[in-house]
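Right, one structure below, let's go through it.
The values are calculated or read from the model by the stated rules, or taken from the named source; none is laboratory data. Note that the structure is a prediction, hence the values are computed from the model and not measured. Note: ideal-geometry Cβ built from the backbone for every residue, glycine included; neighbour counts use all protein chains shown.
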Amino acid sequence: MHRFVLTTRWRLDTPPERAWQLITDVQSWPRWWRYVRRARILSRGAADHVGDVTELDWSSALPYRIRLRVTTTLSESERLLEGRADGDLRGRGTWILEPAPRAGVDVCYRWEVALERRWMRALAFVLRPLFEWNHFTVMRAGANGMARELGCRISGVTEWSGASR
């Protein structure tokens, strides 16, 4: 019950390369993503971002914060970015960008994560719906912030959670 698979998808009326630039500029996230309090690059990897290690400090719609260290493990320019997270949560996050009609882009974020904090694990059987609601609230804020930052329209936001073990 302490594992989650959460997926959010939205469409931006902007070229994929603009969305990609924003997603890969992690240090800019606090400027446009309401719940990102701090993003600090600890070490740089390759030119495609593989091997980058970033420390992220998140607030949330609920009264707690999440601290993560994310290592970029896979990158396919303007299409796919994946990272392994450790810290208060442990798992994998994957950004997928796909060209959409009229020079737009479909942005998908898939978060496969396990709770690491003891209190979260102990209460996950009761708080699971609240944790999911919180995640999707944070992701909607990211989608809206991304659209504002890029000066474009957002549409078609969908969210779903998968099975856990």
Exercise for the section: Within region 145-159, identify whether any single residue is at pLDDT 95 or above, within 16 Å of residue 11 (Cα to Cα), touching a strand residue (DSSP E or B) at 6+ places or on another chain (Cβ under 8 Å) and polar (S, T, N, Q), and answer yes or no. Expected result: no
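Would you point out which residue out of 12, 6 is surrounded by 15 or more Cβ atoms within 10 Å (Cβ to Cβ), touching a Cys at 6+ places or on another chain (Cβ under 8 Å) and under 27 Å from residue 156 (Cβ atoms)? Let's see the steps before the verdict.
On the way: 6 fails: touching a Cys at 6+ places or on another chain (Cβ under 8 Å).
Selected residue: 12, the only one of 12, 6 that is surrounded by 15 or more Cβ atoms within 10 Å (Cβ to Cβ), touching a Cys at 6+ places or on another chain (Cβ under 8 Å) and under 27 Å from residue 156 (Cβ atoms).
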Problem - Among residues of region 1-33, those that are more than 21 Å from residue 105 (Cβ to Cβ) and in a loop (DSSP other than H, G, I, E, B), counted - result: 2
Fill in the blank from the handout: Expected single match for within 18 Å of residue 116 (Cα to Cα) and either modelled with pLDDT of 95 or more or among the hydrophobic types (A, V, I, L, M, F, W, C) (or both) among 23, 66 is 66
Fill in the blank from the handout: Those residues of region 31-45 which are exposed (fewer than 15 other Cβ atoms within 10 Å of the Cβ) and touching a residue at least 40 places away in the same chain (Cβ under 8 Å) amount to 31
Fill in the blank from the handout: Matching residues in region 105-124 (closer than 14 Å to residue 10 by Cα and either at pLDDT below 95 or touching a helix residue (DSSP H, G or I) at 6+ places or on another chain (Cβ under 8 Å) (or both)) number 3
Practice task
Scan region 132-152 and give yes if some residue there is among the aromatic types (Phe, Trp, Tyr) and crowded, with 16+ Cβ neighbours inside 10 Å, otherwise no.
Solution key: yes
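When you check residue 141 against the structure, is it aliphatic (A, V, I, L, M), outside any strand (DSSP E or B) and either on the phi > 0 side of the Ramachandran plot or more than 13 Å from the chain's Cα centre (by Cα) (or both), yes or no? Break it down stepwise before answering.
Numbers: aliphatic (A, V, I, L, M): yes; outside any strand (DSSP E or B): yes; either on the phi > 0 side of the Ramachandran plot or more than 13 Å from the chain's Cα centre (by Cα) (or both): no.
Spelling it out, it is not the case that residue 141 is aliphatic (A, V, I, L, M), outside any strand (DSSP E or B) and either on the phi > 0 side of the Ramachandran plot or more than 13 Å from the chain's Cα centre (by Cα) (or both).
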Practice task
Test residue 132 against the criterion of being within 23 Å of residue 158 (Cβ to Cβ), out of contact with any Lys or Arg (no Cβ under 7 Å at 6 or more places or on another chain) and in a helix (DSSP H, G or I), and give yes or no.
Solution key: yes
Handout entry: Within region 62-83, considering residues that are among the hydrophobic types (A, V, I, L, M, F, W, C) and surrounded by 16 or more Cβ atoms within 10 Å (Cβ to Cβ), the one farthest from residue 128 (Cα to Cα)
Key = 81
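What residue, among those in region 63-96 that are outside any loop (DSSP other than H, G, I, E, B) and small (Gly, Ala, Ser), is farthest from residue 23 (Cα to Cα)? Let's see the steps before the verdict.
Initial filter on region 63-96 (outside any loop (DSSP other than H, G, I, E, B)): 66-76, 80-87, 89-96.
Then keep just the ones that are small (Gly, Ala, Ser); that gives 75, 83, 85, 87, 91, 93.
Values: 75: 12, 83: 12, 85: 16, 87: 21, 91: 19, 93: 12 Å.
Only one residue fits best here, namely 87.
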